[in-house]
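Just so it is clear, none of the values below were taken in a lab; they were calculated from the coordinates. None of the values given here were measured: they were computed from a predicted structure. Because the Cβ atoms are built from the backbone with ideal geometry, glycine has one as well, and the counts that use them run over all protein chains shown.
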Amino acid sequence: MPSRNILVVNCGSSSIKFALVNEADPHFPLSGLAERLGSEEAVLHLQRRNADKESVPIPGADHIAALARLLPIVETVAEGQLHGIGHRVVHGGEFFTAASLIDDEVLDAIRTTSPLAPLHNPANLQGIEAAMALFAQLPHVAVFDTAFHQTLPEHAFRYAVPDVLYREHGVRRYGFHGTSHRFVSRQAADMTGLAVGDSSWLTAHLGNGCSTCAIANGQSLDTSMGLTPLEGVAMGTRSGDVDPNLHSHLARTLGWSLEQIDRMLNHDSGVKGLSGLSNDMRTLEQAREQGHAGATLAIEVFCYRIAKSLAAMGCALSRLDGLIFTGGIGENSPLIRSRIVAHLKLLGLELDGEANARCIRGVGGMIHADGHPRVLVVPTNEERQIALDTLALLPE
Ligand code: ADP
């Protein structure tokens, strides 16, 4: 059987990220981004393997128009052999414990879950509906950020708030970044010769959004994000945990509205808010080098909070086969990795400086010092995991 091709699609409210994944090829034959959809500045950026990036203006295009432009290009690159489409969906609520072949029932369940992710799920749905209209003959699969965490035990996923809020309104911890935590924990098992079903990991996905996870025997047992991706560690622009009374305090003392507080916590906080400079870790590391006090503090808070979260995740495990770093920061920043590990002496962790410095720009590997528990850098690949999940559900 020739190797199969899956188009992986991630629709935001005004953008579509995509990658054509071939099951036998470690590199994507085509990837790109359509952005500013719905405006006159809409543009389709394309990256064919071994070619220069192209940008095609698609003025006024919406999701369906952008996908319609993309379709013939995908078909050409896939040489007419496209086997299915994998859609990233942010929130699967309690409906989805794994990827699902999309039918009317699945679409309804994603719709029903939308109040839990009011910005993301409607955009994901819009993309699915547009793609299903254009690629009607192909199987479509939804892969959920939350699904991997549906194995959390109840004592880890419940908030200590009145029971009725969970029973009638779904207020509980769901967790996100599941595709990435799952992918890197499986890769780590491969890299160390351990069986997925008999291995135990702490993972730190550190990108613009950041989360930690405890994974034993292939199952997520706890994770730092909650009902929404705001809970947990400090991130690029998100605060992570704050005292929940901060809302009423700001409303009372400053007269702020819920929208203002939401915006501040989601978009103006994290390392951006602390540094007063940027949400981009590269910029902050450079500024720290030059003695910028805000950047220095932001990095210290970021690293301490992640270490603290990882130590807390340790409660879910009975042994540790390794700590895994991934995401743009986790894969590329020896400084951040070493600052985090420096706070985890109690777990006996220590890095090998040279190995830590070597693991950047897609190079993964073990970075712990001899005689200390394993620490690994594992480049994540959410598109490939979504493609694998899609392939697994294709009708025979
Ligand atoms: P997203 O969550 O949007 O997928 P990424 O996983 O690409 O984001 O991570 C983006 C973050 O990774 C940014 O803060 C960026 O500064 C950081 N990053 C990328 N390369 C480096 C690097 N060489 N050193 C430090 N941080 C880096």
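Relative to the Cα centre, what is the charge dipole magnitude of the range 289-396, using +1 at the beta carbon of each Lys and Arg, -1 at the beta carbon of each Asp and Glu, and rounding to the nearest 20 debye? Before the final figure, lay out each step's value.
Details: 10 positive and 12 negative charges, 74 e Å.
With Lys and Arg at +1 and Asp and Glu at -1, about 360 debye.
If you take every residue apart from Ala42 with its C-beta less than 9 Å away from the C-beta of Ala42, what net charge results, scoring Lys and Arg +1 and Asp and Glu -1?
-3
Among the lysines, select those whose C-alpha is under 23 Å from the C-alpha of Lys17, and discard any that sit fewer than 8 residues away in the same chain.
Lys53
Say a paramagnetic label sat at a point 7 Å from the Cα of Arg319, along Cα to Cβ; which residues of the range 363-394 have their backbone N under 16 Å from it?
Of the residues in the range 363-394, 372-375 have backbone N under 16 Å from the label point off Arg319.
Provide the three semi-axes, in whole Å and in decreasing order, of the ellipsoid equivalent to the chain as defined by the square roots of 5 times the Cα gyration tensor eigenvalues.
After scaling each eigenvalue by five and taking roots: 32, 26, 23 Å.
Got the relative contact order for the range 205-295 handy, in percent, Cα pairs under 8 Å and 6 or more residues apart? Numbers along the way, then the final one.
Values: 117 pairs, mean separation 19.8, N = 91.
Relative contact order for the range 205-295 comes out at 22 percent.
Across all directions of projection, what mean area in square nanometres is found for the Cα convex hull of the range 1-138? Kindly include the intermediate steps, with their values, before the conclusion.
On the way: hull surface 35.0 nm².
For the Cα atoms of the range 1-138, the hull's average projected area reads 8.8 nm².
How big is the gap, in Å, between the Cα center of the range 29-58 and the Cα center of the range 131-158?
So the two Cα centres are separated by 26 Å.
Using amide H atoms built in the peptide plane, which far-off residues or other-chain residues are under 5 Å from Arg4 H to H?
Glu23, Ala24
Any idea how far apart Asn217 and Thr253 come out in nm if each label point goes 7 Å out from Cα toward Cβ?
The modelled label-to-label distance comes out at 4.8 nm.
Note down the magnitude of the dipole of the range 61-189 about its Cα centre, charges +1 on Lys and Arg C-beta and -1 on Asp and Glu C-beta and zero elsewhere, to the nearest 20 debye. Each step should come with its number before you reach the end.
On the way: 9 positive and 13 negative charges, 106 e Å.
That gives a dipole near 500 debye.
Could you tell me what percent of the DSSP beta bridges with both partners in the chain are antiparallel, to the nearest 5? Mind showing how you got there, number by number?
Values: 38 of 55 bridges.
Counting only bridges with both partners in the chain, antiparallel ones make up about 70 percent.
Which Cα, out of Gly255, Leu265, Gly207, lies furthest along the positive dipole direction of the range 193-273 (beta carbon charges, K/R +1, D/E -1)?
Gly255
Would you please calculate the Kirkwood hydrodynamic radius of the range 246-377 over all C-alpha pairs and express it in Å, rounded to one decimal?
Details: mean 1/r = 0.0609 Å⁻¹.
After inverting the mean inverse Cα-Cα distance, the result is 16.4 Å.
Using mean Cβ contacts within 10 Å as the protection proxy, how do 5-13, 281-289 order, highest first? Write down the numbers at each step before the final one.
On the way: 5-13: 24.1, 281-289: 17.8.
The densest-packed peptide leads the list: 5-13, 281-289.
Distance between the C-alpha centers of the range 306-341 and the range 88-127? Whole Å please.
30 Å
Given the Cα-Cα distance of Arg282 and Asn50 and 0.36 nm per residue of separation, how much length would full extension add, in nm?
Numbers: separation 232, 0.36 × 232 = 83.52 nm, distance 2.66 nm.
Answer, rounded to one decimal: 80.9 nm.
What does the charge dipole of the chain about its Cα centre add up to, to the nearest 20 debye, if the Cβ of each Lys and Arg holds +1 and the Cβ of each Asp and Glu holds -1? Walk me through the intermediate numbers first.
On the way: 31 positive and 43 negative charges, 181 e Å.
Using Cβ point charges on Lys, Arg, Asp and Glu, the chain gives about 860 debye.
Grab the Cα-Cα distance for Thr76 and Arg36, subtract it from 0.36 nm times how many residues apart they are, and report the gain in nm with one decimal. Numbers along the way, then the final one.
Values: separation 40, 0.36 × 40 = 14.40 nm, distance 2.49 nm.
Gain on extension, Thr76 to Arg36, equals 11.9 nm.
Considering only C-alpha atoms, what is the centroid distance from the range 198-237 to the range 351-389, in Å?
16 Å
When all C-alpha to C-alpha distances in the range 99-228 are sorted into bins of 5 Å, what percent of pairs does each bin hold, rounded to whole numbers?
Percent of Cα pairs in each bin: 2, 10, 17, 18, 17, 16, 12, 7, 2, 0.
For the residues Met225, Met1, what sequence is obtained by ranking on other C-beta atoms within 10 Å, fewest first?
Values: Met225 28, Met1 3.
Going from least to most buried by this count: Met1, Met225.
Go through 99-110, 117-128 and give me the packing order, highest mean Cβ count within 10 Å leading.
Working: 99-110: 16.2, 117-128: 20.1.
The densest-packed peptide leads the list: 117-128, 99-110.
Just for the Cα atoms in the range 229-306, what are the lengths along the principal axes, largest first, rounded to whole Å?
39, 22, 16
If packing is taken as the mean number of other Cβ atoms within 10 Å per residue, what is the order of 170-177, 331-338, 366-373, highest first? Don't skip to the end; give the middle numbers.
Values: 170-177: 23.0, 331-338: 21.2, 366-373: 14.9.
The peptides rank, most packed first, as 170-177, 331-338, 366-373.
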